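Scroll down for the structure; my scribbles are underneath it.
Taken together, the values in this text are just the output of simple stated rules run on the coordinates, not laboratory data. This is a predicted model, so every value here is computed, not measured. Neighbour counts run over all protein chains shown; Cβ positions are idealised from the backbone, glycine included.
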Amino acid sequence: MKFLIVFACLLAVACANEDAKVLREDSEVNVEDFKYNVELDNHIKLVQEGLLKDHDNWVVHGEYEYIAPDGSPVKVTYTADDTGYHPVVHA
């Protein structure tokens with residue numbers, strides 16, 4: 001479930017920039033793991049990979065980067081697992 005929440009958040013970022021062109025998009029989805037990378041021409045980058053643990057719980061690691069309205073770069077790394085979503089913002 002947390003995987004879907006994280007994915008929805010990342011999808012919302014991408015959709016909010018619907019005029020952006022996709023420069024790169026790679027994905028690999030398997031039954032017990034996945035990974036994907038997306039890079040847009042407006043300086044947004046998304047990387048995420050996940051691994052199914054214990055037949056019920058996903059452990060997901062990822063990061064995304066963008067340029068804030070003030071022009072400063074922002075990078076967020078995160079882990080999402082059975083204990084919740086754990087982001088770290090690097091401004």
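A few remarks follow.
- Trypsin sites (Lys or Arg not before Pro) lying in DSSP loop within region 12-91, provided at most 15 other Cβ fall within 10 Å: 21
- The simple spin-label model puts a point 7 Å past each Cα toward its Cβ; for residue 26 and residue 86 those points are separated by 2.7 nm.
- Spin-label zone in region 58-90 - amide nitrogen under 13 Å from a point set 7 Å from the Cα of residue 33 along the C-beta vector: 59-61
- Three-way shape call for region 29-91 based on the alpha-carbon gyration tensor, with the a/c threshold at 1.5: oblate
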